[in-house]
1. Run the dipole for the range 236-378 about the Cα centre, Lys and Arg Cβ at +1, Asp and Glu Cβ at -1, nothing else charged, and hand back the magnitude in debye, nearest 20.
2. Taking N as the number of residues in the range 53-117, what is its alpha-carbon radius of gyration divided by 2.2 N^0.38 Å?
3. Could you work out the mean projected area of the convex hull around the alpha carbons of the range 169-247, in square nanometres to one decimal?
4. Tell me, Kirkwood radius of the range 121-240 from alpha-carbon pair distances, in Å?
5. Roughly how much of Arg274 is accessible, in Å² to the nearest 10, using a 1.4 Å probe?
6. P(r) for the range 99-159, please, calculated from all Cα pair distances in 10 Å bins and given in %.
7. Share of Cα-Cα pairs in the range 202-261 beyond 14 Å, in percent?
8. What residues of the range 134-157 lie in the reach of a label at Ala210, counting those whose backbone N is under 16 Å from a point 7 Å from the Cα along Cα→Cβ?
Amino acid sequence: MLSPIATSLSIVFVSLFFGMALLVAWRRFGVQFHAAFWALSFMFSAAGHGVRVFGVVWPDYQSVMAMLACQASIGSFALLAIGFRSRANLDHRLLSLLWALSAVAIVVFWSGQPFEWRMASRMMTSAADALFVGMIVFQPRNPKGLSSPVRLALAFFGLYILSVGIAAWMARPNGEIAEASFIIVLSLGTPTGMMATGILTLFILAADLAGELQKQAQYDYLSDLLNRRGFEERLASQRLASNETGFIVATDLDRFKSINDRLGHAAGDEVIRRFARHLQAAAGNHDLTGRMGGEEFALFIASSDGRDALERVERLRMGVSSLYPDIDVDNPVTASFGVVRLKPEESFHQAYARADAALYASKSAGRDTTVADLDEAA
């Protein structure tokens, strides 16, 4: 009796540890809601193994405790899968429906007990748990999905869970193996699988948090464009990888201070956001857009054709005033642009200084114009 109790208690404490760690990560570090699903998953696991201990110590309640333990196990794996799918922005309504159907089936079979209940409950729980692990492993690939090694590890865990169901069948009355053999199969992999899953979810959260911090370091919170540092680093990386040529564009919104002074900073922020979306919508796969500060922005147009670059910038310029039909200002909101070719031997700072000089010339020419260094951009 002590071995099942010791195994279950170890899983209770391990599950509670991971559940609390995930809750802290969710609440304190601002990670997304999938961490809460994972935390609940481990809480369900702790509760399930806790009631198993209760059933062993008080045999009179063993049947109802076994049913509750099955429910907790199914809920634990369902919540684990919901967390993974939520992280990948995938729908989990079907998964939730399968969870509900599995829970109802367990109650129906337990209340009627049409055949040997212990064997049936173990097999049903194993099948449901393996199904939910399979829904994690075989979810569609996307940027928030799982790497191949993680999928493989979870696939092995799912196969182990199925083996528990097979062992439950073989341990039926007058079956091929004894009850003690089933307990060995159950005890060998369950604690290891729970610990591995807990470590995996914490590592995923840590990687997500690191990625979010990196994004915050490289992106402007208001415009959601690259900030100056991110723009410089991304451009340097592209040039190093492919020796890419192109054009640097400096642009800013005309008379932006008057918008802030008259309508307030909230309206000014909205003008910035719409202008940023306008720039981003016109960007190609290898182009870059960034906010250098205030109302100043920069673009990198990955092209060797000066005429094409100028035409694209002109389309951007002419489309600015139509972005703000609801902004009540004395004059239409416009922007000025300066364009230069990025020379192979010069840094971004040098190219941006030339583009900024062209932008200043655009302002001096009356605003809402594009000035290019024609010797470089032609």
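The values are calculated or read from the model by the stated rules, or taken from the named source; none is laboratory data. The model shown is predicted, which means the values in this text are computed figures rather than measured ones. Cβ placement follows ideal geometry from the backbone for every residue including glycine, while neighbour counts extend to all protein chains displayed. Accessible surface areas use protein heavy atoms only, side chains included; no ligands, DNA or RNA. Shrake-Rupley method; radii C 1.70, N 1.55, O 1.52, S 1.80 Å.
1. 120
2. Its radius of gyration relative to the 2.2 N^0.38 Å reference: 1.36.
3. Over every viewing direction, the Cα hull of the range 169-247 projects on average to 10.4 nm².
4. By the Kirkwood definition, the hydrodynamic radius is 17.8 Å.
5. About 40 Å², ignoring ligands and nucleic acids.
6. 21, 38, 24, 14, 3
7. Percent of Cα pairs beyond 14 Å in the range 202-261: 72.
8. The answer is 147, 150, whose backbone nitrogens lie closer than 16 Å to the label point.
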